[in-house]
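Below you'll find the structure, written out as structure tokens, and then a few comments.
The values are calculated or read from the model by the stated rules, or taken from the named source; none is laboratory data. Predicted model, so just to flag it, every value in this text is computed and none were measured. Here Cβ is always computed from backbone atoms with ideal geometry, including for glycine, and neighbour counts include all displayed protein chains. SASA here: full protein model, heavy atoms, side chains in, ligands and nucleic acids out. Shrake-Rupley method; radii C 1.70, N 1.55, O 1.52, S 1.80 Å.
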Amino acid sequence: MRALTWQGRRDVRVETVPDPELRDPTDVIVRVTSTGVCGSDLHLYEVLGPYLDPGDILGHEPMGIVEEVGADVTELAAGDRVVVPFNVSCGDCHTCGQGLQSQCETTQVRERGTGAALFGFSKLYGQVPGGQAELLRVPFGNTLPIKVPAGPPDDRFVYLSDVLPTAWQGVEYADIPPGGTVTVLGLGPIGAMAARIALHRGARLVVGVDLVPDRLRRAHADGVKALDLRRYGKDIGDAIRDLTDGRGTDAVIDAVGMEAHGGHGAPFAKAAQWGVGLLPGPLAEKVMDRAGTDRLGALYAAIDIVRRGGTVSLSGVYGGALDPLPLLTMFDKQIQLRMGQANVKHWVDDILPLLTDEDPLGVDTFATHHMSLEDGPRAYQMFQDKEDGMIKTLLRP
């Protein structure tokens, strides 16, 4: 099969690799029909290379058609249409039973001290082959895949893999009061969808902050009060307080994470991230484990912007080991503020009814680009460089 593989910093290639095979009686093989490129994929492309090996298959936002099922699979059959959550979760353990699939005790990567394994996301999360490929082996075939109806295009359902539940959880964790206010920092795919969900759920004012003109224009068209960080800079908190009787918004959703530009400590953190990418693999991994730092501009902005007694919800991924806050552990264990990898299956019942008839969240037109899998390397480069108005791309094997 053809698959997009990591080869080095800013070097991904589509190669011919062996087809996946059933390994367990509850495995299924899915022929991928659409697969997203996520902002988290850029972390692998740019920063987290020490935790990857050349040839690793990337991607964690796939959907497709079941092609083969293991002997013990009873809930799916060949020909079924499914979305694959990015969490590799068993559905049966204690944490899955609590709706914390991102902490699945069956797939926790204990040697790394991290939560549930993730498709296509490095040694930190199990080094499981990802979904930017023609075929994907999916374990836990009776409990993990999300069966969706035939008919509507893939764009209607593919975001159940990551974007929709991550954004939904970000809004849920923000605890916006009825008719309340929220600021969304970062209007990439997660931030843009979180803003739409907040409006759909009744927020009176949604402020969106970014510095990419195409993202700001799109958010404005969605009904968001879009503020250009290039204009306000360090005064962004004052600008938002001016909109909220001097208080700040009830909640802030940080949908930026380690990709933040500027802010406290950013020059050092950026230099550290780039420098690690130049080290030999084993040494680079040790440096990242012991001295990794994040660019914390968005987090500091969130703390400034939120009103007293408000809530900060972190959807953007942090990964530093020596941040002023121990964010690596806090994020991974989902300790409040509120934060953590999205528990995809937990939110499906809330989201799926919004996808079956009408399209209140605009998922049908959410993707700005559709490209072939073979064009995957170009898509990564365009997304990294914010070219051609690219906000969300779906690859079609």
message: If I build a Gaussian network model for the chain, linking alpha-carbon pairs within less than 10 angstrom, which residue out of Gly141, Gly376, Gly246 has the largest mean-square fluctuation?
response: Gly246
query: Counting only protein heavy atoms and using a 1.4 Å probe, what share of the accessible area of segment 117-225 belongs to carbon plus sulfur, as a whole percent?
result: 55 percent
task: Kindly report the accessible area of segment 100-201 per residue (heavy atoms of protein chains, probe 1.4 Å, no ligands, DNA or RNA), in Å².
output: 29 Å²
query: How much solvent-accessible surface does Arg2 expose, in Å² to the nearest 10, with a 1.4 Å probe and all protein chains in place?
result: 70 Å²
The chain: relative contact order as a whole-number percent, Cα under 8 Å and 6+ apart: 18 percent
query: Once Lys and Arg get +1 and Asp and Glu get -1 on their Cβ, which of Val88, Tyr125, Leu48 lies farthest toward the positive end of the dipole of the chain?
result: Leu48
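Could you provide, to the nearest whole Å², the per residue accessible area of segment 1-57 with probe 1.4 Å? Intermediate values should be presented prior to the final figure.
On the way: 2100 Å² over 57 residues.
It amounts to 37 Å² per residue over segment 1-57.
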field: Residue-by-residue Karplus 3J(HN,Hα) for segment 134-145, coefficients 6.51, -1.76, 1.60, Hz, glycine and proline x
entry: 6, 9, 9, 7, 10, x, 6, x, 7, 10, 8, x
- request: Using a 10 angstrom cutoff on alpha carbons, build the Gaussian network for the chain and name the most mobile of Thr95, Thr35, Thr183.
  value: Thr95
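Count the net charge of all other residues whose Cβ sits under 12 Å from the Cβ of Cys96, scoring Lys and Arg as +1 and Asp and Glu as -1.
On the way: positive: Lys345; negative: Asp92, Glu105.
In short, -1.
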message: Among the listed pairs Lys123/Lys333; Lys345/Lys386; Lys345/Lys392, which have their C-alpha atoms separated by more than 24 angstrom in this model?
response: Lys345/Lys386
message: If you take every DSSP beta bridge fully contained in the chain, what fraction is antiparallel? Give it as a percent rounded to 5.
response: 55 percent
message: Using only DSSP helix segments of four residues or longer, with each worth -39500 (n - 2.57), what per-residue ellipticity at 222 nm results for the chain after dividing by its residue count and rounding to 500?
response: -8000 deg cm²/dmol
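Taking the Cα centre of segment 106-166 as origin and charging only Cβ (+1 Lys, Arg; -1 Asp, Glu), how large is the dipole, in debye to the nearest 20? Write out the running numbers ahead of the final one.
Numbers: 6 positive and 5 negative charges, 51 e Å.
I would put it at about 240 debye.
Charges only on Cβ, +1 for Lys and Arg, -1 for Asp and Glu: so what's the dipole of the chain about the Cα centre, in debye to the nearest 20?
Values: 38 positive and 53 negative charges, 243 e Å.
Value, rounded to 20: 1160 debye.
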